[in-house]
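Q: The structure's right below; bear with me while I get my questions together.
The values are calculated or read from the model by the stated rules, or taken from the named source; none is laboratory data. Here the structure is a predicted model, which means the values were calculated and not measured. Cβ sites come from the backbone with ideal geometry, for glycine too, and all protein chains shown count toward neighbours.
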Amino acid sequence: MQCIVNPPYHFFLIPMHRKLFFFLLPLALLFLFQTAHAQASEDGDVHFSDLIITTSKTHLLLFGIINNGVTDEMLQGLHNGIPIQFTFLVELNKTEKNWPDLQLVSMQFRHILTYDTLQENYRVETNEKNQKIESFSKLSDALKAMNEINGLLVIELSQLIPDSSYQLRLKATLYEKTLPMKLHYIVPFVSWWNVETDWHTIEFTY
């Protein structure tokens, strides 16, 4: 499969079962996306990096990491009982020149981080692969789980047509404000928490 990333880098996307290319593919994709987002990282903007699209024997898979998504104010709120929530949006369209795009996938999933003050541990709830709750004693481990998209099943390969063009789009909304109004006066910094990443677009031919 040929894959075209926005910005317009060109490379080949090879199914996982071809071992040599499976080894080289993540390295190539990591280089391309890190280059594309180097300036964003320097500026401290919230953005995705290390984005990888690949295949298993049955599905199209997506990997990625959010950078600069958690602030000191968010951590202060977390330790005062305010959850941190990331909402991810993923779309997959079949594209054809001079024809409207055909949407194949539109999905939304969340990562929610909470702190248990009694047990003094962190809990990360994710729901892209059914609902899963993990507990962590270290904040760094909890943040790693919060920030990662780890092998999202986008679509079954049987639903893709060989030699056809596709476009995958990814976006995240961070720090959605879900507190009752009375708590906004107690913890006013939550008004800073509504941030969205740009849409990240990957175009590829299967």
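Q: Identify, please: which residue in the stretch 149-170 is charged (D, E, K, R) and modelled with pLDDT of 95 or more and is, among those, nearest to HIS47 (Cα to Cα)?
A: ARG169
Q: Could you please find all residues in the stretch 74-112 being among the acidic types (Asp, Glu) and either within 24 Å of ILE133 (Cβ to Cβ) or surrounded by 15 or more Cβ atoms within 10 Å (Cβ to Cβ) (or both)?
A: Within the stretch 74-112, just GLU91 meets the criteria.
Q: Check the stretch 129-148 and report whether any residue there is modelled with pLDDT of 95 or more, in a loop (DSSP other than H, G, I, E, B) and loosely packed, with under 11 Cβ neighbours inside 10 Å.
A: Checked against the condition, which is being modelled with pLDDT of 95 or more, in a loop (DSSP other than H, G, I, E, B) and loosely packed, with under 11 Cβ neighbours inside 10 Å, the stretch 129-148 yields at least one hit.
Q: Name the single residue that is farthest from PHE88 (Cα to Cα) among those in the stretch 109-157 being free of Cβ contacts under 8 Å to residues at least 24 places away in the same chain and of a type in the set (Gly, Ala, Ser).
A: Filtering the stretch 109-157 for residues that are free of Cβ contacts under 8 Å to residues at least 24 places away in the same chain and of a type in the set (Gly, Ala, Ser), the one farthest from PHE88 (Cα to Cα) comes out as SER137.
Q: Count, please, the residues in the stretch 79-106 that happen to be without any contact (Cβ under 8 Å) to a residue 40 or more places away in the chain and not in a loop (DSSP other than H, G, I, E, B).
A: Number satisfying all stated conditions: 5.
Q: Return a yes/no flag: does the stretch 116-124 have any residue that is within 19 Å of the chain's Cα centre (by Cα) and at pLDDT 90 or above.
A: yes
Q: Among (1) under 13 Å from the mean Cα position of the chain (by Cα); (2) part of a strand (DSSP E or B), which single condition is GLY69 missing?
A: Checking GLY69 against (1) under 13 Å from the mean Cα position of the chain (by Cα); (2) part of a strand (DSSP E or B), the one that fails is (2).
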